[in-house]
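These notes are about the structure you will find just below.
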Amino acid sequence: MNPPVLSALGRLLSDGNSVWAWAIAVAAVGLLVAALMVLVQDKALAPHKGAIWAVVIFALPIFGPAAYLGWETIRFRKEHGPDGKGPVEKYAPEEVAQRREASRRNEQAAREQDRADQTDQPDRPHQSG
């Protein structure tokens, strides 16, 4: 960081602005926990890369977890496309029920159409002209 930013940050934390210190501490802990949760659950990551990311996450309090979460988000979107929903919930339960109901209705309509086609065409030999 450049010196003006460092001096401004130092003033925020030292001038009795304990609210800012708490906010930064909460953000750091939240990012650390989130990054570790994603890191532990990532089965596709090689163990040596996971160890390197763990060191980066712990060594750089705010920037390490933010960098890992950003990298993981970019990697996931490259592999799966920019889906509107996360990897945990592809479809809400209501959407699953709606899709299932629509599929059932489509199958039923197709069966009824097949029955109607069979009754409309009597069994007679094909005539060519």
Quiz prompt | Residue check for E112: surrounded by 10 or more Cβ atoms within 10 Å (Cβ to Cβ) and either under 30 Å from A44 (Cα atoms) or at pLDDT 80 or above (or both) | solution = yes
Exercise. Looking only at the range 4-19, count how many residues are modelled with pLDDT of 75 or more and within 19 Å of A66 (Cβ to Cβ).
Key: 0
Practice problem: Please work out if L32 is farther than 24 Å from H80 by Cβ, within 20 Å of the chain's Cα centre (by Cα) and surrounded by 12 or more Cβ atoms within 10 Å (Cβ to Cβ). | Solution: yes
Quiz item: Taking interchain pairs and intrachain pairs at least six residues apart, which have beta carbon atoms under 6 angstrom, with the first residue in the range 35-63 and outside the structural domain of A23 (by TED's automatic domain parsing) and on the phi < 0 side of the Ramachandran plot and the second of a type outside the set (S, T, N, Q) and modelled with pLDDT of 90 or more?
Solution: none
Practice problem: Among the residues of the range 62-99, count how many are modelled with pLDDT of 75 or more and among the acidic types (D, E). | Solution: 4
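The values are calculated or read from the model by the stated rules, or taken from the named source; none is laboratory data. Note that the structure is a prediction, hence the values are computed from the model and not measured. All Cβ positions, glycine included, derive from the backbone under ideal geometry; neighbour counts span all protein chains shown.
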